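Participant: Can you keep this structure in mind? I'll have questions shortly.
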Amino acid sequence: MRCLIVARDRTELSNHENSLKNKIGRVCPVDVVDVAYLYETQEKWDLFRYTVVLTFLGDGTVLKTLSVCTGKKNGFERAEYMDFDISWPMHSSGSTPNDSDLLLDNGRSTPIIFSFDYGTKGRLCNIKKEIQEEGEALLDKLLNAISQNNQEKAFELYINQTIKRNRLFINQSVYFLNDIYVYTKGKGLLGSISISINEKPVYRCIRCDGVVISTPTGSSGYNSSAGGPVIHGSVDDAIIITFVCPADKKVPPIVVSASCKIRVKNGIQNDLLFGVVDGCLSVSDYELTIEGKKEGAVYFADVTTDRIHSDFMEAIQE
């Protein structure tokens, strides 16, 4: 059992960060990082080494942590983290999630993410300041259950006090929790994008600024700003496709099953596509393939009385 804390500044913890670090440290080892350190040392981190992950900022910190700590393969022409101009290693460490039990053998697990809200509006940091005590009480229950090897109790907490958020998979290489924004030219310039679903052409050479492909979780972000629908949390197996500023205003957003395979190409043959994954990872390739993968799911601690509905109401009120 091990815990990862992603702090605002790993060299100067806040009182709240430090108190939780000390509490957890009495039960299990704790690694303390910040986002800059994660980027600089990305080969070290593997999400599935940890039982618990704590974050204390906003949605961006959650997305960057998941991106860095989930193993990647080299499925792109180019990929680098935007803020730090750091490419990932040719053979990135960290594991790709396994389709297996929540609590795995040999010290590996599917972690519960406790995202304490210290940011601006967002859907991922659902332990708000007014319910921090309840969040910490849930953390105590989980640590006690796992330290006592009470897998039945730990499993009960996974089922009853988390929100499961599915991720999508790009080019058999990278998971994303919120969205990928795909474009062909610089900002303010119309490009041309073609999309097929399950190898059947759906959109041919749509002139637009770009297209947002999102998960239900990410539907309340960039997708919603571009005019796409916000998806209720009970619909956890969807992919939302929304064009950004299409020249033809009759191009509607669409929602398809996550069992579908979405293929995106530049409308100009043999030209590159560019993408921004979860607002932090810049990629480019001649084709992007997006599909669902159930083993990419992540679990967020939630102490609200009506998890799924509360999450949806939070999303539509942003």
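Participant: Being surrounded by fewer than 19 Cβ atoms within 10 Å (Cβ to Cβ) and either under 14 Å from A297 (Cβ atoms) or touching a residue at least 40 places away in the same chain (Cβ under 8 Å) (or both) is the filter here, so list the residues in the range 231-241 that pass it.
Facilitator: Residues satisfying the conditions are H232, S234, D237.
Participant: Name the single residue that is farthest from G135 (Cα to Cα) among those in the range 262-318 being at pLDDT 90 or above and among the basic types (K, R).
Facilitator: It comes out as K265.
Participant: Does D209 satisfy the condition of being in contact with a Leu (Cβ under 8 Å, 6 or more places away or on another chain) and either surrounded by fewer than 20 Cβ atoms within 10 Å (Cβ to Cβ) or without any contact (Cβ under 8 Å) to a residue 40 or more places away in the chain (or both)?
Facilitator: Answer is yes for this residue.
Participant: Here is a check on your reading of the model: is L124 at pLDDT 90 or above, of a type outside the set (K, R) and within 23 Å of the chain's Cα centre (by Cα)?
Facilitator: When the stated conditions are applied, L124 does not pass them.
A quick yes/no check of all residues on (1) surrounded by fewer than 21 Cβ atoms within 10 Å (Cβ to Cβ); (2) touching a Phe, Trp or Tyr at 6+ places or on another chain (Cβ under 8 Å); (3) over 21 Å from K129 (Cβ atoms); (4) hydrophobic (A, V, I, L, M, F, W, C):
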residue	(1), (2), (3), (4)
L4	no, yes, yes, yes
N18	yes, no, no, no
V27	yes, no, yes, yes
Y37	yes, no, yes, no
E40	yes, yes, yes, no
F48	yes, no, yes, yes
V52	no, yes, no, yes
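Participant: Mind checking which pairs have a first residue in the range 266-286 that is over 20 Å from C69 (Cα atoms) and a second that is among the aromatic types (F, W, Y) and assigned to a strand (DSSP E or B), Cβ under 6 Å, 6 or more apart or different chains?
Facilitator: Here the result reads F274/Y183; S284/F274, each pair linking the range 266-286 to a residue that is among the aromatic types (F, W, Y) and assigned to a strand (DSSP E or B).
Participant: So which residues in the range 134-145 are hydrophobic (A, V, I, L, M, F, W, C) and either exposed (fewer than 13 other Cβ atoms within 10 Å of the Cβ) or more than 25 Å from the chain's Cα centre (by Cα) (or both), if there are any at all?
Facilitator: A137, A145
Participant: Sticking with this one: Of the residues I163, I131, only one is on the phi < 0 side of the Ramachandran plot, assigned to a helix (DSSP H, G or I), surrounded by 14 or more Cβ atoms within 10 Å (Cβ to Cβ) and β-branched (V, I, T); which?
Facilitator: Checking each option against the conditions leaves just I131.
Participant: Return the only residue of K64, K44 being of a type in the set (K, R) and crowded, with 20+ Cβ neighbours inside 10 Å.
Facilitator: Every option except K64 fails the conditions.
The values are calculated or read from the model by the stated rules, or taken from the named source; none is laboratory data. All of these numbers come straight from a predicted model, not from anything done at the bench. As a convention, Cβ positions derive from the backbone with ideal geometry for all residues, glycine included, and neighbour counts pool all protein chains shown.
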